[in-house]
1. How large, in Å, is segment 101-192 by the Kirkwood hydrodynamic radius built from its alpha-carbon pairs?
2. Using C-alpha positions alone, give me the convex hull volume of segment 145-211 per residue in cubic angstrom.
3. If the chain between T200 and Q101 were fully stretched, how many nm would it gain, using 0.36 nm times the residue separation less the Cα-Cα distance?
4. List, in the order given, every pair from K75/K114; K90/K169; K90/K128; K75/K169; K90/K181 whose Cα-Cα distance in the structure shown is over 18 Å.
5. If we count other beta carbons within 10 Å of each Cβ, what is the order of I161, I54, I70, I183, fewest first?
6. If you stretched the chain out fully between L186 and T171, how much longer would it get, using 0.36 nm times the residue separation minus the C-alpha to C-alpha distance?
7. Kindly state, to the nearest 0.05, the FRET efficiency for A130 paired with I179, given R0 = 45 Å and r defined as their beta-carbon distance.
8. Using packing as a proxy for protection, rank 167-179, 148-160, 55-67 so that the peptide with the highest average count of other Cβ atoms within 10 Å comes first.
Amino acid sequence: MEAYGRLWKVPEGDPLFREHLQSAISFPCQTSNSKFGASFHGRGYYTVSMRTAIYPGSFDPLTNGHLDVIRRATKLFDRVIVAVAKSESKNPLFTLEERVQMVARTVRNLPTVKADSFEGLLVKYVEKCAAQAVVRGLRAVSDFEFEFQLALMNRKLNERIETIFMMPKDTYTFLSSRIVKEIARLGGDVSAFVPGHVRTALARKLSAGPE
């Protein structure tokens, strides 16, 4: 197998060919051989490439607004990795493992979307995944200034990485994880704002009280 930048030239007869194609979708950011899809270009060779986007966030918890952005991103990219940040400074309600599990369960019927976790610089994680873009959701004008600063800083750290701002469906523009948690803490019904299993996890976590 020969590498050409972000393209890989894989002989059709390579015994690992199927493994390369399977891992291109199934395994986020593990090895350099697991980052690509493929197309046939004759002479027994496939040129293997894939447009990958990272959708980072704390997802504490994941909301229907997040899910809407994920679905929109799948229309633009071959693979979307929902990267759950450790975010200890935010004192998350759910552990990192719980948040990754909630995301994974939510996107299990979206074959080109995978859940993963990361800590540290986002650009380092994006480089590790050989991704081309970072997807960020914008709910309102108030989000823009902060997100714009982050995008410019990420560009300064790695100018190859693009940031794509996406607007969620208008019915979710008011929605945030913080608001969902507050409604749930006060005994309100959040079933319209989060997937069913997330609502159940919220109720269980809040009824248990502080750990």
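Every number here is computed from the coordinates shown, using simple stated rules; none is lab data. Bear in mind that the values here come from a model prediction, so they are computed numbers and not experimental data. Positions of Cβ are generated from backbone atoms using ideal geometry, with glycine treated the same way; all protein chains shown enter the neighbour counts.
1. Numbers: mean 1/r = 0.0641 Å⁻¹.
One over the average 1/r among Cα pairs gives 15.6 Å for segment 101-192.
2. Once divided by residue count, the hull of segment 145-211 is 150 Å³.
3. Computed gain between T200 and Q101 is 34.3 nm.
4. Working: K75/K114 15 Å; K90/K169 26 Å; K90/K128 25 Å; K75/K169 15 Å; K90/K181 13 Å.
The answer is K90/K169; K90/K128.
5. Listing I161, I54, I70, I183 from fewest to most nearby Cβ atoms yields I183, I161, I70, I54.
6. Result for the pair: 3.2 nm of gain on full extension.
7. FRET efficiency, A130 to I179: 0.80.
8. Ranked from most to least packed, the peptides come out as 55-67, 167-179, 148-160.
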